[in-house]
Amino acid sequence: MDLFRQNILKYIVFVSVFLVFFSIPLIIFKNLQKTLLNLEIREDLEEMGMWAEFYKDKYGTYKGMEKELEIDGLVRTLNYLDADCSLIVSKKGSKFCAKAKVFDEEIKSWCVDSTKYSGTIINNCDYEKEIKCE
């Protein structure tokens with residue numbers, strides 16, 4: 001019986017060590033996955049800002065830019081990533097802002113606007129407030 005207990009104890013120690021070493025890469029992978037997802041969200045929003053400026057240069061307004069293929073594709077991609085992307089264009093078409101949530105407990109959201117701002121400060125970007133990020 002004593003030999004049986006020793007074998008069980010060895011087995012438990014082996015399994016515990018295996019689980020610890022197996023869980024470390026999983027934790028690292030999960031954090032890396034969040035970091036890459038946040039980077040993709042930020043880059044997509046900044047690309048949307050670039051496309052918005054191209055649209056305004058071409059048509060003289062931001063009005064209707066949400067129907068542009070590239071911009072619509074970016075909004076769809078961000079929403080597919082569960083980033084809750086919002087694109088807001090002023091009634092006159094003179095301003096826009098776009099925001100999305102990121103998966104970071106400190107930052108929470110990212111925003112780009114027609115003033116060429118790109119960052120975390122989102123005080124406005126709302127139809128009821130001024131249409132800009134900060």
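Identify the chymotrypsin sites (Phe, Trp or Tyr not before Pro) of segment 81-133 meeting these criteria: DSSP loop state and at most 13 other C-beta atoms within 10 Å of the C-beta.
Tyr127
Roughly to the nearest percent, how much of the accessible area of the chain is carbon and sulfur, given a 1.4 Å probe?
Summing carbon and sulfur atoms, their accessible area is 60 percent of the total for the chain.
Quick test of your reading: applying the under-4.7 Å Cβ rule, which cysteines of the chain are isolated?
Cys85
With charges set only on the Cβ (+1 for Lys and Arg, -1 for Asp and Glu), what does the dipole of the chain come to about its Cα centre, in debye to the nearest 20?
Taking the Cα centre of the chain as origin, the dipole is about 160 debye.
Only sites in a loop by DSSP and with at most 13 other Cβ atoms within 10 Å count here; which trypsin sites (Lys or Arg not before Pro) in segment 55-110 make the cut?
Passing sites in segment 55-110 are Lys91, Lys92, Lys108.
At 222 nm, what value in deg cm²/dmol follows for the chain if DSSP H runs of at least 4 each add -39500 (n - 2.57) and the sum is divided by all its residues, to the nearest 500?
-19000 deg cm²/dmol
Below 8 Å between Cα atoms, with a sequence gap of 6+, how large is the relative contact order for segment 47-96 in percent?
On the way: 39 pairs, mean separation 17.8, N = 50.
Relative CO of segment 47-96 lands at 36 percent.
Per residue, how much accessible surface does the chain expose to a 1.4 Å probe? Answer in Å², no decimals.
On the way: 9480 Å² over 134 residues.
Value for the chain: 71 Å² per residue.
Quick one: among Ile24, Ile71, Ile12, which has the greatest mean-square fluctuation in a GNM of the chain with alpha-carbon springs under 10 angstrom?
Ile12
Percentage of Cα-Cα pair distances in segment 90-134 greater than 14 Å, rounded to whole percent?
43
Along the charge dipole of the chain, pointing to its positive end and built from +1/-1 on Cβ of Lys, Arg, Asp and Glu, which listed residue (Val20, Ser86, Thr120) has its Cα farthest out?
Farthest towards the positive end: Val20.
Can you give me the pair-distance distribution of the chain, C-alpha pairs, 10 Å bins, whole percents?
Reading upward from the zero bin: 12, 33, 21, 10, 8, 7, 5, 3, 0.
For the chain, what relative contact order do you get, as a whole percent, if you take Cα pairs closer than 8 Å and at least 6 residues apart? All intermediate terms of the calculation are to be shown ahead of the outcome.
Working: 169 pairs, mean separation 23.6, N = 134.
In percent, rounded to a whole number, it is 18.
Assuming 0.36 nm per residue, please report the length gained on full extension of the stretch Val17 to Glu40 beyond their Cα-Cα distance.
Length gained between Val17 and Glu40: 4.8 nm.
Find out how many positive minus negative residues lie around Ser90, taking Lys and Arg as positive, Asp and Glu as negative, among other residues whose Cβ is under 14 Å from that of Ser90.
+2
Measure up Lys67/Lys101; Lys67/Lys108; Lys92/Lys116; Lys34/Lys132; Lys56/Lys108 against 25 Å on the Cα-Cα distance and list the ones that go over.
Lys67/Lys108; Lys34/Lys132; Lys56/Lys108
Residues of segment 87-110 with backbone nitrogen within less than 20 Å of a virtual label 7 Å along the Cα-to-Cβ line of Glu66, please, listed as ranges.
In segment 87-110, the label zone of Glu66 (backbone N under 20 Å from the point 7 Å along Cα→Cβ) covers 87-102, 110.
Figure the gain on full extension for Lys116 and Met50 (residue separation times 0.36 nm, minus the Cα-Cα span) and round it to one decimal in nm.
In short, 22.9 nm is gained.
The values are calculated or read from the model by the stated rules, or taken from the named source; none is laboratory data. Since the structure is predicted, the reported quantities are computational estimates derived from the model, not experimental observations. Positions of Cβ are backbone-derived with ideal geometry, glycine not excepted, and every protein chain shown enters the neighbour counts. Areas reflect the complete protein model, heavy atoms only, side chains present, ligands, DNA and RNA absent. Shrake-Rupley method; radii C 1.70, N 1.55, O 1.52, S 1.80 Å.
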